[in-house]
Amino acid sequence: MQKQELLGLTAPELEQLLADLGEPPYRGKQLYHALYHERQWDLGKVTPFPAALRARLSERFQVTLPETEKTFDSRDGTRRTLFRLADGCKIETVRMPEPGRDTICVSTQVGCPVDCKFCLTGVMGFTRNLTAGEIVGQVLRVMATNPLEARQRFNLVFMGMGEPLLNFDNVMAALKLLTDPAGIGISWTRITLSTAGVVPGIERLGREPLRPKLAVSLNATTDELRSRIMPINRKWPLAELLRACREFPLRPREKLTFEYVLLEGVNDTVADARRLAQLVRGIRAKVNLIGLNPGPDLPFRTPRDETVLRFQQTLIQKGIPAFIRKPRGRDIFAACGQLKLMEAQPASSTS
Ligand code: SAH
Ligand code: SF4
């Protein structure tokens, strides 16, 4: 008999499972606490349960975390982990140490269907959505292998492989589990979800009573260019995307983030910066600039530092807060847009 997977189930769902076995509801709550709070994933060891119940649970159910296939450590402290899922699919999770608080970057899909021309994940194509359990599992695994994380001092970004808003239900279910104070207990304000611009998803997220912060990958200021480098723009062009951003109900003091990958000679001129300032005017937002992280077969180049600085200065002069994001873990292919399941340590990391 195939065992049923428990990771990803909510407290009411676990209560129902245990009720089906003739157990009282508090047993479901205890199991929830064991899985997500104590992080006891061996069902034979869930201590508040009598031995007979532990044995019955182990017979019927299983708790599967992603298996660590390989880890890659960058000179800057960033660690990329290649995980193998139950069906053999592979995904990547990145942990970046930062002063005060680490950031964990999780994947939401195996590959990505959005096909942005500057992103290695896009180039590898799409296999499937991750389940809520697989999304939560990445965080639990990283927490378990980094004892410091047990104190939950980290930020979480949904910026790994995949487009989170094309896997809305599973991402939202995972977010609820990750933030439940009775379980894992990460604060909503420490979580950011990044989208390539799935307009109905942005609208839906805006209607959620509890939600993460939102980042939108803009990357171009005309429909002509954006459609060329981000084909999703043909479905939801700039005017519609920016309308959804304008209508997104921000909390007091909250800012939306626009991400902008600079591609040399493509979207990095002063005219681009001026148009960008014009587009986002009136939205309570900041812009994060990042020079292209290079990759094999990407038909773009990284602009020089001066170009990036000039772009930033133009935005600031126009009253738009703009920040330059340092690339993290470029030497191990862990930086934004570089996740493509590269299994060999890239040669550059040893240079
Ligand atoms: N699919 C979502 C989230 C994952 S991508 C999204 O696109 O927003 C996370 C970020 O990496 C996005 O802002 C994307 O624009 C950026 N990115 C993709 N490829 C990149 C590259 N080669 N160099 C720098 N940033 C890149
Ligand atoms: Fe997918 Fe984001 Fe990469 Fe575009 S940038 S292909 S949406 S992961």
Fill in: Sole exception among (1) polar (S, T, N, Q); (2) touching a residue at least 60 places away in the same chain (Cβ under 8 Å); (3) away from ligand 2 (no atom under 15 Å from the Cβ) for residue 58, by number
(2)
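Which of the following residues is in a loop (DSSP other than H, G, I, E, B) and touching a residue at least 40 places away in the same chain (Cβ under 8 Å): 219, 155? Before you say what the answer is, go through the steps one by one.
On the way: 155 fails: in a loop (DSSP other than H, G, I, E, B).
One residue alone meets the criteria, 219.
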Discussion item. Under 6 Å between Cβ atoms, which residue pairs at least 6 apart in sequence (or on different chains) link something in the stretch 291-308 that is in a loop (DSSP other than H, G, I, E, B) with a partner that is away from ligand 2 (no atom under 14 Å from the Cβ) and among the hydroxyl-bearing types (Ser, Thr, Tyr)?
Written reply: 292/302; 294/302
Worksheet item: Based on what the data block shows, is residue 268 in the same structural domain as residue 219 (by TED's automatic domain parsing), among the charged types (D, E, K, R) and touching a strand residue (DSSP E or B) at 6+ places or on another chain (Cβ under 6 Å)?
Response: yes
Fill in: Subset of the stretch 115-132 [more than 8 Å from ligand 2 (Cβ to nearest atom) and within 15 Å of the chain's Cα centre (by Cα)]
129, 130, 131, 132
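Going by the structure shown, is residue 233 in a helix (DSSP H, G or I), within 13 Å of ligand 2 (Cβ to nearest atom) and crowded, with 22+ Cβ neighbours inside 10 Å?
So residue 233 passes the test.
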Worksheet, complete the sentence: The condition from (1) within 16 Å of ligand 2 (Cβ to nearest atom); (2) part of a helix (DSSP H, G or I); (3) touching an Asp or Glu at 6+ places or on another chain (Cβ under 8 Å) that residue 143 misses is numbered (1)
Item to complete: Could you check how many residues of the stretch 74-115 are more than 12 Å from ligand 1 (Cβ to nearest atom), touching a strand residue (DSSP E or B) at 6+ places or on another chain (Cβ under 7 Å) and of a type in the set (S, T, N, Q)?
Response: 4
Item to complete: Scan the stretch 92-109 residue by residue and report those that are assigned to a strand (DSSP E or B), under 12 Å from the mean Cα position of the chain (by Cα) and of a type outside the set (Lys, Arg).
Response: 92, 93, 94, 103, 104, 105, 109
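The values are calculated or read from the model by the stated rules, or taken from the named source; none is laboratory data. Worth saying up front: this structure is predicted, and the values here are computed from it rather than measured. In this analysis, Cβ positions are derived from the backbone assuming ideal geometry, glycine residues included, and neighbour counts consider all displayed protein chains.
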